[in-house]
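The values are calculated or read from the model by the stated rules, or taken from the named source; none is laboratory data. None of the values given here were measured: they were computed from a predicted structure. Counting neighbours? That spans all protein chains shown, and the Cβs are built from the backbone with ideal geometry, glycine included. Each accessible area value is taken on the protein alone, full model and side chains, heavy atoms only, with ligands, DNA and RNA left out. Shrake-Rupley method; radii C 1.70, N 1.55, O 1.52, S 1.80 Å.
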Amino acid sequence: MKSTHGTQLRHLIELLDGAVGDAYETAGLNYRPRYTPVMRSLMAKEPATIGFIAEAAGITQPAATQTIALMVKDGIVSVQASPTDARKKMIRLTQHGRDLVPQLKMCWQATALASASLEAALPYSLTDVLDSAIRALAAKPFGERIREARSQLENDSTNTDKGTQK
């Protein structure tokens with residue numbers, strides 16, 4: 001039985017994130033792969049709002065909120081109310097988070113080299129395929145494609161039913 005795109009993508013993420021997680025553990029770091037986009041955002045601009053981090057990291061705001069909560073629990077970031085607007089939360093690296101940066105950069109360099117090795121072993125660029133898929137879904141979201149496909153199936157079914165009723 002052939003796997004669907006969702007199943008294949010979940011498996012690919014498991015293979016990649018599992019290996020990256022193991023590399024962090026081997027390096028003696030209590031750090032999850034999902035922290036990296038948030039960490040990179042904060043390394044570029046700090047303090048930052050959750051909205052800024054989500055946009056800079058290319059993740060949803062709920063995903064950023066969940067990840068930041070885990071990072072707070074692990075002592076990597078802190079959350080404080082904005083001095084100008086108490087409704088806004090400002091995120092910043094803790095000293096522990098700053099201390100992780102040199103080791104993380106080494107891990108990220110190793111991961112980048114491993115990614116280049118994977119790209120070289122493929123018949124086409126995985127990066128290009130993923131970028132193309134993301135652009136295509138930005139132009140027409142998958143939910144819209146599903147609705148169109150369902151409508152087409154319903155129309156086909158109605159037309160088939162009409163043909164058998166004659």
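Give me the count of lysine pairs in the chain whose alpha carbons sit under 21 angstrom apart, restricted to pairs 8 or more positions apart or on different chains. Don't skip to the end; give the middle numbers.
Numbers: K45/K88; K45/K89; K45/K105; K73/K88; K73/K89.
Taking the Cα cut-off of 21 Å, the pair count is 5.
If one puts a single equal scatterer on every Cα of the range 104-156 and applies the Debye formula without solvent, what log₁₀ I(q)/I(0) results at q = 0.29 Å⁻¹?
Listed by q, the Debye log ratios stand at -1.00.
If you take the charge dipole of the chain about its Cα centre, with +1 on Lys and Arg Cβ and -1 on Asp and Glu Cβ, which of L137, A54, Y24 is farthest toward its positive end?
Working it through, the farthest residue towards the positive pole turns out to be A54.
Using the Karplus curve 6.51 cos²θ - 1.76 cosθ + 1.60 with θ = phi - 60°, work out ³J(HN,Hα) for each residue of the range 13-29 in order, rounded to whole Hz, and write x for Gly and Pro.
So the Karplus estimates, Gly and Pro as x, are 4, 4, 5, 6, 5, x, 5, 5, x, 4, 5, 4, 4, 4, 7, x, 9 Hz.
Taking amide H positions as placed in the peptide plane 1.01 Å from N, state which residues far from V77 in sequence (5 or more) or on other chains have amide H under 5 Å from it.
Those lying under 5 Å, H to H, from V77 are V72, T94.
What trypsin sites (Lys or Arg not before Pro) in the range 13-49 are in a loop by DSSP, with at most 13 other Cβ atoms within 10 Å of the Cβ? Write down the numbers at each step before the final one.
Values: sites: R34, R40, K45; in loops: K45.
Filter output for the range 13-49: K45.
Just the number please: accessible area per residue for the chain, 1.4 Å probe, all protein chains included, in Å².
71
What Rg and what Dmax come out for the range 1-49 when only alpha-carbon atoms are used, in angstroms?
For the range 1-49, the Cα radius of gyration and maximum Cα-Cα distance read 14.8, 49 Å.
How big is the charge dipole of the chain about its Cα centre, in debye rounded to the nearest 20, if each Lys and Arg gets +1 on its Cβ and each Asp and Glu gets -1 on its Cβ? Show your work: numbers first, answer last.
Details: 20 positive and 17 negative charges, 95 e Å.
That gives a dipole near 460 debye.
In bins 10 Å wide, starting from 0, what share of all Cα pairs of the chain does each bin hold, as a percent?
Spelled out per bin, shortest first, that is 8, 26, 28, 20, 9, 5, 3, 0.
Which percent of the accessible area of the chain is formed by carbon and sulfur heavy atoms (probe 1.4 angstrom)?
Details: 6740 of 11720 Å².
Taking all protein chains in place, the chain shows 58 percent carbon and sulfur surface.
For the range 99-108, just list the computed ³J(HN,Hα) in residue order, Karplus coefficients 6.51, -1.76 and 1.60, θ = phi - 60°, integers in Hz, with x standing in for Gly and Pro.
Each residue of the range 99-108 in turn: 5, 6, 3, x, 5, 5, 4, 5, 4, 5 Hz.
If amide hydrogens are placed 1.01 Å from N in the peptide plane, which non-local residues have theirs closer than 5 Å to the one on E46?
none
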